[in-house]
Amino acid sequence: MTTASDKITEWVTKLENDEDDSGVMVRLKVTVTETTTLEKDGGLRSSTALLYLALWYSFSFATLYLNKYILSLLQEDPSILGENLISIPVLPHG
């Protein structure tokens, strides 16, 4: 299985052996540190992904709670908000 660092090494080798239109040798230096870090720390089990997920759930809960609270203060039925949120996406747009 070819990894990202193997592909980069292959590209660098090809570029080092190529000449541009003026006949000058092309030299390129690539650092693979960032790519290997992304491969190693990627995924949904990383601490950053879990933090963002927890924040998203927290803000979603706060939004739902505040919507119901505001509607209750206005003496409106909070279920109307739920009915509209469910029914509006189903309506055809045109």
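Just so it is clear, none of the values below were taken in a lab; they were calculated from the coordinates. Small disclaimer: the values here were computed from a predicted structure and weren't measured. Note: ideal-geometry Cβ built from the backbone for every residue, glycine included; neighbour counts use all protein chains shown.
A few comments on the model shown:
- Cα gyration tensor shape of the stretch 44-94, rounded if a/c is under 1.5, else prolate or oblate by comparing a/b with b/c: oblate
- In order through the stretch 50-65: 3J(HN,Hα) via Karplus (6.51 cos²θ - 1.76 cosθ + 1.60), integer Hz, x for Gly, Pro: 5, 5, 4, 5, 5, 5, 4, 5, 5, 5, 5, 5, 4, 5, 4, 5
- The local environment of Tyr69, defined by Cβ-Cβ distances under 14 Å, has a net charge of -1 under the rule Lys, Arg +1 and Asp, Glu -1.
- Sites Ser87 and Leu66, calculated FRET efficiency, Cβ-Cβ separation with R0 25 Å, nearest 0.05: 0.70
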